[in-house]
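Undergrad: Here you go, one structure.
The values are calculated or read from the model by the stated rules, or taken from the named source; none is laboratory data. It should be emphasised that the depicted structure is a prediction, and the values quoted were computed from it without experimental measurement. Every residue, glycine among them, receives a Cβ derived from its backbone with ideal geometry; neighbour counts consider all protein chains shown.
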Amino acid sequence: MQELTHYINGAHVKGQSGRFADVFNPATGEVQAKVPLANAEEMAFAVDIAADAQTGWAATNPQRRARVLMKFVDLLNRDMQKLAEALSREHGKTVPDAKGDVQRGLEVVEYCIGAPQLLKGEYTDSAGPGIDMYSMRQALGVTAGITPFNFPAMIPMWMFAPAIACGNAFILKPSERDPSVPLMLAELLEEAGLPKGVLQVVNGDKEAVDAIIDHPVIQSIGFVGSTPIAEYIYGRGCSNGKRVQCFGGAKNHMIIMPDADMDQAADALVGAGYGAAGERCMAISVAVPVGEDTADRLIEKLVPRIEKLKVGPYTSGDDVDYGPVVTAAAKEKILGLVQSGVDQGAKLVVDGRDFSLQGYEDGFFVGAHLFDNVTPDMDIYTQEIFGPVLSTVRAQNYEEALKLAMDHEYGNGTAIFTRDGDTARDFANRINIGMVGINVPIPVPLAYHTFGGWKKSVFGDLNQHGPDAFKFYTRTKTITSRWPSGIREGGEFNFKPMD
Ligand code: NAD
């Protein structure tokens, strides 16, 4: 069986701790590799190397740093198919979906090529008599990121591209479920010309994460994952004096108004609810039709579409809508929540519980489920399911639908489907959620805007990518300067040397 490594100081390094985690092929259920789980000593070793490498990297001018990223983009495009297949093999998502994962990371790398412009400071000439004032953005030093399993290419790139563009060294602790693509990304960056030690990948679990949080040299931590872990890392990281941004879980509502284009809304719900097996933080997991008639029309449109979804392994080509979920534990949790929905009185309109795929009986496949008549007290409503399960909560009017989404503890994304501009505008203004779609089900902002939710979906002030990333990965220094005047005679500058 393949034994994966860390990537430290430009080389693949075997794990020293003696602890490993299994990496599965979710389509077959087989263990295909084991990944080492670093201890605090291994993390400290990587931090020392990062600190050494960072000084020279920060002194490299931003245009040269940007050129490395430019070359990296070329290499990502060159290896797109290879990266996508490796990603699908460990994650389970379809190959087109895996390419999208790489692509959305690549777009942030492209944005970061603008580092020379984005890092320019500010200058005030003659802020006082003979006094000038200027500010500059300087790198933090050694930075670190902890990433989830569901976007093993995109989210690492969202973190390390701005971090290194700003002149930091970065230590990535990827998800132990799908660590191969992050290792491949580190190799490609070195091929693009990144000096050794500027980007390192240290694999691990809680022990490695705690070693990051407690290491005094690490200046900042980026985290994306579930809310309880986000809250833990934010609290402990901040109390250790670090700059921390943590992005957590989600329960994204889509409101369907009576005047919505119902075919468009149903198509959008199927893509946003079941794509990537529902394992997206921006997946729609709650449909909120307004009015009984709207609800009936929506369910009628949804059922045949959901029943037609094709579930299969990534090796089936483009013909599959979604693949397996990531682990047997994830499958068990999803099916447990489905059962709780039935037990608590929701109506299971599409029942995927008996789904099984011939030839892949041991894979972690979950059939598509649709619930109707869900109420806000049910576990399937309060909890993030992170699987192919869509819950319908019927609202009697717009205000009730709006309040429902606003009262939920998560606030990552949301959408409204309507033909009425006034309703859409009101929704966008009043909703307490970070990313809003108007007739767009998954409103993920592009690289040059910022990505982030509100409420329990985020801990920290600044969003991911866009201009916020350049703020997160730099510190501002402001200089006030006055030079002693020389004595000018006849236009000549007459400098008197000091004794
Ligand atoms: P997770 O919280 O289980 O793991 C995320 C990372 O934290 C991994 O690297 C893991 O090794 C580490 N970790 C796990 N348990 C830990 C512990 N006890 N102490 C310290 N570190 C620990 O999340 P996941 O299952 O990999 O990813 C799915 C979650 O991520 C979902 O909740 C999803 O909504 C969320 N997510 C959020 C966003 C966003 O931008 N808001 C984006 C993608 C995913």
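Undergrad: I'm trying to understand the selection: among the residues of the range 202-226, which are touching a helix residue (DSSP H, G or I) at 6+ places or on another chain (Cβ under 8 Å), away from the ligand (no atom under 15 Å from the Cβ) and not in a strand (DSSP E or B)?
TA: Listed by number, the list holds a single entry, V217.
Undergrad: If you don't mind, there's one more thing I want to ask. Which condition number in (1) within 21 Å of A40 (Cα to Cα); (2) more than 14 Å from the ligand (Cβ to nearest atom) is the one that G193 fails?
TA: Every listed condition holds for G193 apart from (1).
Undergrad: Okay, moving on. What are the residues in the range 432-445 that are within 15 Å of the ligand (Cβ to nearest atom) and outside any strand (DSSP E or B), if any?
TA: Passing the criteria: I433, G434, I442, P443, V444, P445.
Undergrad: Let me ask you something else. Against the conditions (1) outside any helix (DSSP H, G or I); (2) within 16 Å of the chain's Cα centre (by Cα), where does I229 fall short? Just the number, please.
TA: For I229, the exception is condition (1).
Undergrad: So which pairs qualify, if the first residue must be in the range 155-167 and within 13 Å of Q54 (Cβ to Cβ), the second must be of a type in the set (D, E, K, R), the Cβ gap must be under 9 Å, and the two must be at least 6 apart or on different chains?
TA: I164/R65; C166/R65; C166/R137; G167/R65
Undergrad: To continue, here is another question. Restricting attention to the range 24-36, and to residues there that are aliphatic (A, V, I, L, M) and crowded, with 21+ Cβ neighbours inside 10 Å, which single residue is nearest to the chain's Cα centre (by Cα)?
TA: V35
Undergrad: For the list (1) among the charged types (D, E, K, R); (2) outside any loop (DSSP other than H, G, I, E, B); (3) within 16 Å of the ligand (Cβ to nearest atom), I need the number of the one condition that E187 fails.
TA: E187 satisfies all of (1) among the charged types (D, E, K, R); (2) outside any loop (DSSP other than H, G, I, E, B); (3) within 16 Å of the ligand (Cβ to nearest atom) except (3).
Undergrad: Can you tell me which of R305, R280 is within 16 Å of the ligand (Cβ to nearest atom) and not hydroxyl-bearing (S, T, Y)?
TA: Of the residues listed, the single one that is within 16 Å of the ligand (Cβ to nearest atom) and not hydroxyl-bearing (S, T, Y) is R280.
Undergrad: Yes or no: the range 32-45 includes at least one residue that is at pLDDT 95 or above, under 25 Å from G193 (Cβ atoms) and in the same structural domain as F149 (by TED's automatic domain parsing).
TA: yes
Undergrad: Residues of the range 376-387 being more than 15 Å from the ligand (Cβ to nearest atom) and surrounded by 15 or more Cβ atoms within 10 Å (Cβ to Cβ), which ones?
TA: Of everything in the range 376-387, those that are more than 15 Å from the ligand (Cβ to nearest atom) and surrounded by 15 or more Cβ atoms within 10 Å (Cβ to Cβ) turn out to be M378, D379, I380, Y381.
Undergrad: Would you check which residues across the range 140-154 are under 12 Å from A50 (Cβ atoms) and surrounded by fewer than 24 Cβ atoms within 10 Å (Cβ to Cβ) and list them?
TA: Correct list: L140, G141.
Undergrad: Would you check if there is a residue in the range 244-264 being out of contact with any helix residue (DSSP H, G or I) (no Cβ under 8 Å at 6 or more places or on another chain), farther than 22 Å from Q464 by Cα and part of a helix (DSSP H, G or I)?
TA: yes
Undergrad: Next question, about the same structure. Tell me the helices (runs of 4 or more DSSP H) entirely within the range 326-431 that contain at least 3 residues that are in contact (Cβ under 8 Å) with a residue 60 or more places away in the chain and in contact with a strand residue (DSSP E or B) (Cβ under 9 Å, 6 or more places away or on another chain).
TA: Here the list reads 398-407.
Undergrad: Oh, and also: Take F149 and decide whether it is in contact with an Asp or Glu (Cβ under 6 Å, 6 or more places away or on another chain) and of a type outside the set (S, T, Y).
TA: Judged against the criteria, F149 is a match.
Undergrad: While we're on this one: Are any residues in the range 244-275 crowded, with 20+ Cβ neighbours inside 10 Å and of a type outside the set (A, V, I, L, M, F, W, C), and if so, which ones?
TA: Q245, G248, G249, K251, N252, H253, G273, Y274, G275
Undergrad: Check the range 281-297 and report whether any residue there is at positive phi, surrounded by 17 or more Cβ atoms within 10 Å (Cβ to Cβ) and either part of a helix (DSSP H, G or I) or in contact (Cβ under 8 Å) with a residue 40 or more places away in the chain (or both).
TA: Taking every residue of the range 281-297 in turn, at least one turns out to be at positive phi, surrounded by 17 or more Cβ atoms within 10 Å (Cβ to Cβ) and either part of a helix (DSSP H, G or I) or in contact (Cβ under 8 Å) with a residue 40 or more places away in the chain (or both).
Undergrad: If you don't mind, another one. If R236 meets every condition in (1) within 16 Å of the ligand (Cβ to nearest atom); (2) touching a Pro at 6+ places or on another chain (Cβ under 6 Å); (3) not aliphatic (A, V, I, L, M) apart from one, which number is that one?
TA: If we test R236 against (1) within 16 Å of the ligand (Cβ to nearest atom); (2) touching a Pro at 6+ places or on another chain (Cβ under 6 Å); (3) not aliphatic (A, V, I, L, M), just (2) comes out false.
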